[in-house]
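Asks: Can you keep this structure in mind? I'll have questions shortly.
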Amino acid sequence: MQITPSAVATRLAIALTTAASAPALFAADQLPTVSVLASRSPVALDAVGSSVTVITADELEKRQTQLISDLLRSVPGVSLSRSGGPGRATSLRLRGAEPRHTLVFIDGVQVNDPSAIGSAFDFANLTTADVERIEVLRGEQSALWGADAIGGVINITTRRASEGVEKSLAVEGGSFATRSGRVGLRAAGDHSHLSLTISRLTTDGISTVDEDRRQYTTLDGATSFEVGGASETDAYDNTTLTVAAGATLAEIDFELVLRRSDSSGDFDGSPDSTDAFFTEPDIANHSSELLETWRASASGASADGRLRSTLAVGAAKTDRLISDANFGDSLFTGRRETASYQLDYLPPLADDSLSGHEFSFALEGEREISRSSSSFSSFDESSRSRSAVLEYRLDHDDRLFLSAALRRDDNDRFGNASTGRLAASYRLGGGLRLHASHGTGVKNPTLFELFSSFGDPELQQEQSRGSDLGLEYRYGGGRHLLDLTAFSRTLEDEIGFDLGTFSYANRDGESDYKGIELSYRGQLDEAWSMAASWTHTRAEDASGRTLLRRPRNTASLQLDWQAGRFGANLGLHYTGDQQDEVSAGRVELDAYSLVNLAADYRWRDGWRLYGRIENLLDEDYQEVVGYGAAGAAAYLGLAAEL
C-alpha cells in the first residue's frame, strides 16, 4: 500500500537541486548521510527524529557476511532467531516487536508475505550478493508506511550503475562444502542506466535439529527432557537474479526493477520430544521458496524544483512449498499488488524567513491475495485497501527539524483506520542533538489468520503506540558519534494462537516494550574505525510474563583496520539469556557470543582476495530450542570490480 522508499531514493538528485533561496532541507554535502525511510522524501540523518541505522556498501564488503540476517545482528535493537542453518526459518525482531511488525522493502517493493503467519518476512533466503545499502528505521512508522510498520521498517537497495561500464564477479568456497558466486554487469550514460546481477549459493549445511543432545528443564521445574540428536546435514541452495533499468525522457525519470530469488533446502522433523506430533529428527523433509518482485516508476519535477511527483506500480509474489514426510505437501502463495502517486511541494519563502517547509501528499492502493493448500487448511482469499498520507516537514534555522504525518486507511475487511506520527530533531550546539518521535499504528489480521482452518473472521486490528527520546553527541570534528536512546511501546488487541479454541484470537490487555539503545560509530585514526552498540529490552505480555525469544541484552562490536592494500574486520555479537517454549513449558536459552574475523588483500587494481572465519571460538549455542547452529567455519574468496 506504499509509495516505496526507493521511489524517494530515485528522486534524491531532484531534491538536492531545490532553489538556493530556500533553507536547504537536503544540502548536497549531506548526501552520504541521507535517510530514505524516516520521511516520505529523503532527509539528512542529523535532521531525523527517529532512530535510524544505515549499513553501507563499504561495510558490506569489509564484513564479508553471506546472509543479510547475520549482518543485521550489529544493528541496535535487532535480535534474531534461526531454526537451524542457512535457509531455515529466520525471524527478526526490532526492539522486541513481533517479526510481523517489521515492514521490509527490497528495491522499493514490500516483500512481507501475505500467506505467511502474521505476514512476517522470513530472512532465511536473503543474501548480500547484490546488496548495496541497508537502512533500518526503528519505532512506530505506520503513518508513513502503513500497516505492518508498528515495530519499524527495513529498506534494502541493490546495486546500481554509477557511470560507464562496470563488471563484477566473485567466487567463494569453504566449510560445509559451501560454494558461492556472483556475476554483475552495470552500465550508465547521461540519460540511462542498466544493472544486472546473478548470484548462486549452495551448501551441504548443518543439521537443522542439533546434532548434540541437550538437557532442558522447564522454568517451573516440573519437566526435564532431551532435544537434539540428529545425525545428517541439510543442504541448501539459492539463486537470485536482479535487473534494473532506467532512462530520462523529456525530463521524466523512468525505472523498472525486476528481482527473482529461488531457494530450496532440506529440514528435519521436530526436535521437541514432548510434542504430541513429535517425529524423529532425521526425516527427509524439503522446502522451497520462489520470491518474484517488480516495480515500475516515473518521477519528475517542475522547472523550479518546488514540485516533485512520482507514480509507481509494483507487485511481489511468494510461492512456498513444504514437503513433509508425515503431513504431505503444503503449498502457500502470497501476492501483493500496489499502485501509488506522491506529490512533494516546497513553498517559496520570504526573504527574511529562517524556516523552510515541505509537504508530501500520497495516494496508495493495494490488493493482497493469499492461497493455501495443505492437509491442515485450504483457502483462497483477497483484500483491498486505499490510503491517503499527508506529511509536513519544517527546517527552522538549520537547527530545529519537525515532521508531522497523518494517514487514513480504508480496508474492505476492516473499514477505516487513522494513524499519526510526530518527530523532532534539535541541534543544541557543541555537537549535541536531541531527537524524539511518537506515533500510533495498526496491524491488520492476515488472510490466513482470518480464513484458514485456524482463523477467526471476527478478529480485530492490533493497535500500537510508541515513543522514543534520544541524545546524540558528535565530537572530534565529526569523526565520532555517540547516541543514547530510550524507547517505549504498548500493543493492544494482540493476535495470538489460542490453544483452548485452537484458533487465532485477540488477547486482552496490553503488551509493554521498553528499553535503551547505546551506540557509537567513529574513526579512531587513519587506519582504525569502530562501531559498537548495546541494547537492553524488557518485553512483557499483559500478565507480566517475559515474551519469548527476547533477550534482555544484546551487544555488538565491529572493529575495522585498513592500511594500504590490506584490510581486516573483527566482529563480536553478544546475545543474552532468553526464554523459549516447548510443549512441556517454558525453558531458558543460555547467552552466547559470536566472534568473526575477516581479512582481505587488494593484490591488483580491481581484484581482491579475501577470507573469513565465522564463530572463531566455536561457540556451541541454540537460538531456538532443539535447533542447531554452525560451529567454527572458514571461507576463502576472490572478487573483482572491472
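Asks: Between Phe376 and Asn326, what length comes free when the chain is fully extended (0.36 nm per residue of separation minus the Cα-Cα distance, one decimal in nm)?
Replies: 16.8 nm
Asks: Can you list residues whose amide H is under 5 Å from Asp498's amide H, if they're 5+ apart or on another chain and H is modeled 1.01 Å from N?
Replies: Under 5 Å from the amide H of Asp498 lie the amide H atoms of Ser503, Tyr504, Ala505, each far enough along the sequence or on another chain.
Asks: Taking amide H positions as placed in the peptide plane 1.01 Å from N, state which residues far from Gln460 in sequence (5 or more) or on other chains have amide H under 5 Å from it.
Replies: Correct list: Asn506.
Asks: Find the Rg to Rh ratio for region 451-541, where Rh is the Kirkwood radius over alpha-carbon pairs and Rg uses the same atoms.
Replies: Over the Cα atoms of region 451-541, Rg/Rh equals 1.26.
Asks: Does anything in region 530-558 have its amide N under 20 Å from the 7 Å Cα→Cβ label point of Ser593, and if so which residues?
Replies: Backbone N within reach: 530-537, 551-558.
Asks: Assuming R0 = 22 Å, can you tell me the calculated FRET efficiency for the pair Ala177 and His286, based on Cβ-Cβ distance, to the nearest 0.05?
Replies: 0.75
Asks: Alpha carbon centre of region 309-329 versus region 101-150: separation in Å?
Replies: 14
Asks: Taking every pair of Cα atoms in region 140-253, average 1/r, invert it to obtain the Kirkwood radius, and report Rg/Rh to two decimals.
Replies: Rg/Rh: 1.22.
Asks: Over the Cα atoms of region 415-485, compute the convex hull volume and normalise it per residue, giving Å³.
Replies: Enclosed volume per residue, from the Cα hull, is 117 Å³.
Asks: Same structure, new question: Any idea what log10 I(q)/I(0) is at q = 0.19, 0.24, 0.26 Å⁻¹ for region 511-553, Debye with uniform C-alpha scatterers and no solvent?
Replies: -0.63, -0.79, -0.86
Asks: According to the Kirkwood expression over distinct Cα-Cα pairs, how big is the hydrodynamic radius of region 365-453, in Å?
Replies: The answer is 16.3 Å.
Asks: Step through the table entries Lys317/Lys443; Lys317/Lys514; Lys62/Lys514, compare each Cα-Cα distance with 25 Å, and write down the pairs that go over it.
Replies: Lys317/Lys514; Lys62/Lys514
Asks: Something else: At 0.36 nm per residue, and after removing the present C-alpha to C-alpha distance, how many nm does the segment from Thr202 to Asp508 gain when stretched out fully?
Replies: 105.6 nm
Asks: How would you order 56-64, 298-306, 120-128 from highest to lowest mean count of nearby Cβ atoms within 10 Å?
Replies: Averaged packing, sorted descending, gives the order 120-128, 56-64, 298-306.
Asks: Rounded to a whole number, what % of the accessible area of region 378-428 do carbon and sulfur atoms account for, probe 1.4 Å?
Replies: Accessible surface attributable to carbon and sulfur in region 378-428 totals 54 percent.
Asks: Skip the ligands, DNA and RNA, and give the accessible area per residue of region 539-639 with a 1.4 Å probe, whole Å².
Replies: 44
Asks: Mean shadow of region 168-323, computed from the convex hull of its alpha carbons, in nm²?
Replies: If I average the Cα hull's projected area over directions, I get 15.1 nm².
Asks: Here is a further query. So if I average 1/r over every pair of distinct C-alpha atoms in the chain and take the inverse, what Kirkwood radius in Å does that give?
Replies: It works out to 25.4 Å.
Asks: Hey, another quick one. Could you check how many percent of all C-alpha pairs in region 129-188 are farther apart than 20 Å?
Replies: When all Cα pairs of region 129-188 are counted, 54 percent exceed 20 Å.
Asks: Of all beta bridges DSSP finds with both residues in region 92-225, what is the antiparallel percent, to the nearest 5?
Replies: Rounded to the nearest five, the antiparallel share is 85 percent.
Asks: For n ≥ 4 DSSP H runs only, could you compute -39500 (n - 2.57) per run for the chain, divide by its residues and tell me the 222 nm figure to the nearest 500?
Replies: Here the helix-only value at 222 nm equals -1000 deg cm²/dmol.
Asks: So for each of 356-362, 100-106, 438-444 I average, over its residues, the number of other beta carbons within 10 Å; can you give me the resulting order with the highest mean first?
Replies: 100-106, 438-444, 356-362
Asks: Oh, and also: Can you work out ³J(HN,Hα) from phi for every residue in region 47-61, in order, using Karplus 6.51 cos²θ - 1.76 cosθ + 1.60 and θ = phi - 60°, giving whole Hz and x for Gly and Pro?
Replies: Once θ is set to phi - 60°, the couplings for region 47-61 become 10, 9, x, 7, 8, 10, 10, 10, 9, 8, 4, 5, 5, 4, 5 Hz.
Asks: How far, in nm, would the chain grow between Arg586 and Ala303 when pulled straight, counting 0.36 nm per residue and subtracting the alpha carbon separation?
Replies: 95.6 nm
Asks: What distance in nm separates the simple spin-label points at Glu619 and Leu219, each placed 7 Å from Cα in the Cβ direction?
Replies: About 2.2 nm, to one decimal.
Asks: Take the Cα radius of gyration of region 67-176 and divide it by 2.2 N^0.38 Å, with N its residue count; two decimals is plenty.
Replies: So region 67-176 has a normalised radius of gyration of 1.15.
Asks: Given the peptides 612-619, 206-213, arrange them by the average over their residues of other C-beta atoms within 10 Å, most packed first.
Replies: Put in order of decreasing packing, that is 206-213, 612-619.
Asks: State the Cα centre-to-centre distance between region 511-574 and region 432-496 in whole Å.
Replies: Centre-to-centre (Cα) distance: 19 Å.
Asks: So, one more: Rounded to the nearest 0.05, what FRET efficiency is calculated for Leu518 and Ala404 with R0 set to 35 Å and r the Cβ-Cβ distance?
Replies: Rounded to the nearest 0.05, the efficiency is 0.80.
Asks: Would you mind checking which residues have amide H under 5 Å from Asp268's amide H? H placed 1.01 Å from N; only 5 or more apart, or other chain.
Replies: Here the answer is Thr208, Val209, since their amide H atoms fall under 5 Å of that of Asp268.
The values are calculated or read from the model by the stated rules, or taken from the named source; none is laboratory data. All values derive from a computational prediction rather than experimental measurement. Here Cβ is always computed from backbone atoms with ideal geometry, including for glycine, and neighbour counts include all displayed protein chains. Just the protein is used for accessible areas: all its heavy atoms, side chains included, with ligands, DNA and RNA removed. Shrake-Rupley method; radii C 1.70, N 1.55, O 1.52, S 1.80 Å.
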